[in-house]
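Provided herewith is a single structure, encoded as structure tokens, for subsequent inquiry.
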Amino acid sequence: MIRSLTICLTFLMALTASAAELGDDGLHKADWMRDTFKDLREDLDEANAEGKRLAIIIEQRGCIYCTKMHNEVFSLEEVSGYIHDNFFVVQMNLYGDTEVVDFDGETLSEKDAARKWGLLFTPSILFLPEDVGEDQTAAQAAVTLMPGAFGPGTTMDMLTWVAEKRYALDNGEDFQRYHARRIQERDNGSFD
């Protein structure tokens, strides 16, 4: 009985240690997230100055899929390291009231920005290009949107596809083809 109790306690401690930290707003916090004034043009300039891609992650309090991503995907060293090295990530709350200045100059709350951008699900990640026109919104300018929770392989493939600007290549390899190719390569033992 003592052995069973010890195993259960060890399991619970390990589970607690790997759980993502929650902020006062109820959203998960990762060390690769940036705390900014949410002026997207300023955020883009700062991302560009660091040689990183701007990404906006939209989450909400109590989101089981956000928890899944933070506990099972973003917590992996390979994934978190890649995000840290390649992306400037700004977090927004699907129902938040913090002011956001969109690329088109409109100032609105996080929840109104999410509605304006047509975002309904969490987590959602908008990946932005290095240049955004003055008349574009974040959603219009985004090179892609990652809607929902995915496993580590799909997430890494999306991050790599964006960071390497594979969407802009002339070879016709959209994300689905790229991802299918990467799955095949991993099945064949290639882990580059």
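Can you tell me which of (1) buried (at least 17 other Cβ atoms within 10 Å of the Cβ); (2) more than 17 Å from the chain's Cα centre (by Cα) is the one Glu99 doesn't meet?
Going through the list (1) buried (at least 17 other Cβ atoms within 10 Å of the Cβ); (2) more than 17 Å from the chain's Cα centre (by Cα), Glu99 breaks only (1).
Turning to a different aspect of this structure: Would you confirm, using the coordinates I've provided, whether Arg41 is surrounded by fewer than 17 Cβ atoms within 10 Å (Cβ to Cβ), assigned to a loop (DSSP other than H, G, I, E, B) and at pLDDT 95 or above?
Considered against the rule, which asks whether it is surrounded by fewer than 17 Cβ atoms within 10 Å (Cβ to Cβ), assigned to a loop (DSSP other than H, G, I, E, B) and at pLDDT 95 or above, Arg41 comes out as no.
Go through (1) farther than 30 Å from Arg61 by Cβ; (2) touching a helix residue (DSSP H, G or I) at 6+ places or on another chain (Cβ under 7 Å) for Arg177 and report which single condition fails.
Looking at each condition in turn, Arg177 falls short on (2).
Moving to a separate point now. Only one of these conditions is not met by Gly151: (1) modelled with pLDDT under 95; (2) more than 20 Å from Lys52 (Cα to Cα). Which number is it?
(1)
Next question, about the same structure. Mind telling me which of the residues Thr122, Thr155, Thr160 ends up being touching a Leu at 6+ places or on another chain (Cβ under 6 Å) and polar (S, T, N, Q)?
Being touching a Leu at 6+ places or on another chain (Cβ under 6 Å) and polar (S, T, N, Q) holds for just one of Thr122, Thr155, Thr160, which is Thr122.
Filter the range 136-161 for residues that are among the small types (Gly, Ala, Ser) and either closer than 17 Å to Leu44 by Cα or touching a strand residue (DSSP E or B) at 6+ places or on another chain (Cβ under 8 Å) (or both) and give the result.
Hits for the range 136-161 are Ala138, Ala139, Ala141, Ala142, Gly148.
Hey, another quick one. Between residues in the range 148-161 that are more than 11 Å from Leu76 (Cα to Cα) and residues that are surrounded by 15 or more Cβ atoms within 10 Å (Cβ to Cβ) and among the hydroxyl-bearing types (Ser, Thr, Tyr), which pairs lie under 6 Å by C-beta distance while being six or more apart or on different chains?
Short answer, once both residue conditions are applied: Ala149/Tyr65; Leu159/Tyr82; Trp161/Tyr178.
Of the conditions (1) of a type outside the set (A, V, I, L, M, F, W, C); (2) surrounded by fewer than 14 Cβ atoms within 10 Å (Cβ to Cβ); (3) modelled with pLDDT under 95, Arg182 fails just one. Which one is it?
The one condition Arg182 does not meet is (2).
Please work out if Thr67 is assigned to a loop (DSSP other than H, G, I, E, B), in contact with a strand residue (DSSP E or B) (Cβ under 9 Å, 6 or more places away or on another chain) and modelled with pLDDT of 95 or more. Reasoning before the result, please.
Details: assigned to a loop (DSSP other than H, G, I, E, B): no; in contact with a strand residue (DSSP E or B) (Cβ under 9 Å, 6 or more places away or on another chain): yes; modelled with pLDDT of 95 or more: yes.
No: the conditions fail for Thr67.
Then there is this: Do we find that Ala168 is at pLDDT 95 or above and not β-branched (Val, Ile, Thr) in this structure?
No, not satisfied.
The values are calculated or read from the model by the stated rules, or taken from the named source; none is laboratory data. Predicted, not measured: the structure shown is a model, and the values here were computed from it. As a convention, Cβ positions derive from the backbone with ideal geometry for all residues, glycine included, and neighbour counts pool all protein chains shown.
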